[in-house]
Amino acid sequence: MNPKKALIVGSGLGGLTTALRLAAKGFDVTILEKHHRAGGRLNLLEKDGFKFDLGPTFFSMSYEFDELVKSTGIEYPFEFIELEPLFTVNIDGIDKTFTIYKDMDKLAAQFEGIEPHFREKMEKHLNKTETLYNDTINRIIHRNFNSFPEYLLQLTKVPLKHGPLIFKSMWKELCESFESKEARMIFSLVGFFLGATPFDTPAIFSLLNYIEMRHDGYHNVKGGMYQIVVGLLKVLKEKGVTIHYNTEITTATSVDGQLKSLTDRQGREWTADYFVINADAAWFRGAIFNRPKFNTEKLDKMKWTMAPLTVYLGVKGKLDNLQHHNYFLGSNFDEYAKGVFKNQVSFQKPYYYVNIASRNNPDSAPVGHESLYILCPSPDLRFKPDWSDREAIVQNIIDDLSERSGYNLNEMIVSKTILSPEHWGEMFNLYKGSGLGLAHDMNQIGWFRPANKDEKYSNVYYVAPQPYPALVCP
């Protein structure tokens, strides 16, 4: 008996791991990839002798990889590097750089004289978010919902004490946990990891603080994040999975409630028994399946995550004053965070994140050099369609980073690449350049999110950050 055929569109982390799971179950798996290289946003930029993580620069929830390895019966295809300290935070106007540790003694020392009784407050906050995590991980986070009543039923099984977290923001929750603006700002940064801000992210996502500060931490990969992709590709090749690159899907054909085939830009038709879409789920439904519910007008009315403005710098010299992960914030946190994604603030002094890839992986830069990745959370193309000023914005960032780090980067830069939201949207079919797809408001999580099983075609599934229950990939 011939094995069932599965066709996966997209070779991001979700597509690769789904291919592995299906191959382990005996499916004949083929992957179609738009680009010349696998990985999606988990990709690699190589230029002028430097290597940069294109998108993700660290991950948490390493236990999800443990489950993947165990369930598919493989050896770990890459090697973790656990990070400690986790990151640093530089707040403009404060003569101190905060270094954030998992180690509670070291962490508490960072807030001496700033947050009274910090250790006691932090332990209370982490205990609360740990309970939230334990009470929701199996009831909500790791579940699918086949109907709205089923979703409501599962919500009723979550202890009532967590109810208030549904109706208040992450920022309000942190205001109740800490007195100082500094502590509130620093521990609200997890809201930005979801592509939003702590002012519009539900307080239930405070459980990310528990995951990152106590339960798991931050991790990198020996050789760079792209080694995750390299390792998975090696295993998939051994299991007979075929990947076709430079293959972009443009149309679909269906018969009797099932998807029959997908057609690429070259006119080639691809058939299978099952189809898995590792792409922006809302965009694909609208652009490829032509669903009215997901047309441009409807998508524009939904809430989307931030768009990335990313910069990749190769510099001559060492930057010993910077850690692997560094956040640079201003003194107008409330105003900036509430307005940045709607293009209501000035980019004269933007907020940004800096990763020094060569800190943990020296091979990412020539000897005596460093490779820097800079991410500036930005408005998507609905709010800022013109990015002709990207060079000026990036220069503002470089000047500010030079002043705050003590290095004259303008004299050290030997390689520079800029990717604006327009580039990200084009490269990965991200709707209006939104980096993480639909936002995580209460009306866009759980049952309210696009389902990971297609509503019309019984043989189509989705794997990506977008489908419900929410963004749960590492």
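The values are calculated or read from the model by the stated rules, or taken from the named source; none is laboratory data. Just so we're clear, the structure is a prediction, and the values are computed from it rather than from any experiment. A quick note on method: Cβ atoms are made from the backbone with ideal geometry, for glycine too, and the neighbour counts reach across all protein chains shown.
Among (1) among the hydrophobic types (A, V, I, L, M, F, W, C); (2) touching an Asp or Glu at 6+ places or on another chain (Cβ under 8 Å); (3) more than 15 Å from SER206 (Cβ to Cβ); (4) modelled with pLDDT under 95, which single condition is LEU160 missing?
It is condition (2) that LEU160 fails.
Considering only region 145-252, give the helices (runs of 4 or more DSSP H) lying wholly within it that have at least 1 residues that are in contact with a Lys or Arg (Cβ under 6 Å, 6 or more places away or on another chain) and not assigned by TED's automatic domain parsing to the domain that holds TYR336.
On the way: elements: 148-156, 170-177, 181-186, 190-193, 207-210, 227-238.
Here the list reads 148-156, 170-177.
Residue by residue through region 150-209, note down the ones that are of a type in the set (Gly, Ala, Ser) and under 18 Å from PHE118 (Cα atoms).
First, pick out the residues of region 150-209 that are of a type in the set (Gly, Ala, Ser): 163, 169, 177, 180, 183, 188, 191, 195-196, 203, 206.
Scanning region 150-209 gives SER177, SER180, ALA183, SER188, SER206.
For residues that are over 21 Å from the mean Cα position of the chain (by Cα), under 25 Å from ILE137 (Cβ atoms), surrounded by 13 or more Cβ atoms within 10 Å (Cβ to Cβ) and among the charged types (D, E, K, R), tally how many sit in region 27-86.
Result for region 27-86: 0.
Only one of TRP387, TRP424, TRP447 is of a type outside the set (S, T, N, Q) and within 19 Å of the chain's Cα centre (by Cα). Can you tell me which?
On the way: TRP387 fails: within 19 Å of the chain's Cα centre (by Cα); TRP447 fails: within 19 Å of the chain's Cα centre (by Cα).
Residue meeting the stated conditions: TRP424.
The rows are residues; the columns are (1) touching a strand residue (DSSP E or B) at 6+ places or on another chain (Cβ under 7 Å); (2) over 23 Å from PRO385 (Cβ atoms); (3) buried (at least 16 other Cβ atoms within 10 Å of the Cβ).
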{"residue": "VAL311", "(1), (2), (3)": "yes, no, yes"}
{"residue": "LEU322", "(1), (2), (3)": "yes, yes, yes"}
{"residue": "TYR327", "(1), (2), (3)": "yes, yes, yes"}
{"residue": "GLY330", "(1), (2), (3)": "no, yes, yes"}
{"residue": "PHE341", "(1), (2), (3)": "no, no, yes"}
{"residue": "VAL345", "(1), (2), (3)": "no, no, yes"}
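If you go through region 143-157 one residue at a time, how many are surrounded by 12 or more Cβ atoms within 10 Å (Cβ to Cβ) and either under 16 Å from PRO202 (Cα atoms) or not hydrophobic (A, V, I, L, M, F, W, C) (or both)?
Summing the residues that are surrounded by 12 or more Cβ atoms within 10 Å (Cβ to Cβ) and either under 16 Å from PRO202 (Cα atoms) or not hydrophobic (A, V, I, L, M, F, W, C) (or both) in region 143-157 gives 6.
Scan region 393-421 for residues that are farther than 18 Å from GLY93 by Cβ and within 27 Å of the chain's Cα centre (by Cα) and jot them down.
ILE393, VAL394, GLN395, ILE398, SER415, LYS416, THR417, ILE418, LEU419, SER420, PRO421
Report every pair of residues separated by at least 6 positions or lying on different chains whose Cβ atoms are under 6 Å apart, first residue within region 122-135 and assigned by TED's automatic domain parsing to the domain that holds VAL158, second assigned to a helix (DSSP H, G or I) and polar (S, T, N, Q).
From residues that are assigned by TED's automatic domain parsing to the domain that holds VAL158, the pairs are HIS125/SER177; THR129/SER206; THR129/ASN209.
Does PHE289 fit the bill of being part of a strand (DSSP E or B), in contact with a strand residue (DSSP E or B) (Cβ under 8 Å, 6 or more places away or on another chain) and not β-branched (Val, Ile, Thr)? Spell out the reasoning first.
Values: part of a strand (DSSP E or B): no; in contact with a strand residue (DSSP E or B) (Cβ under 8 Å, 6 or more places away or on another chain): yes; not β-branched (Val, Ile, Thr): yes.
Criteria not met by PHE289.
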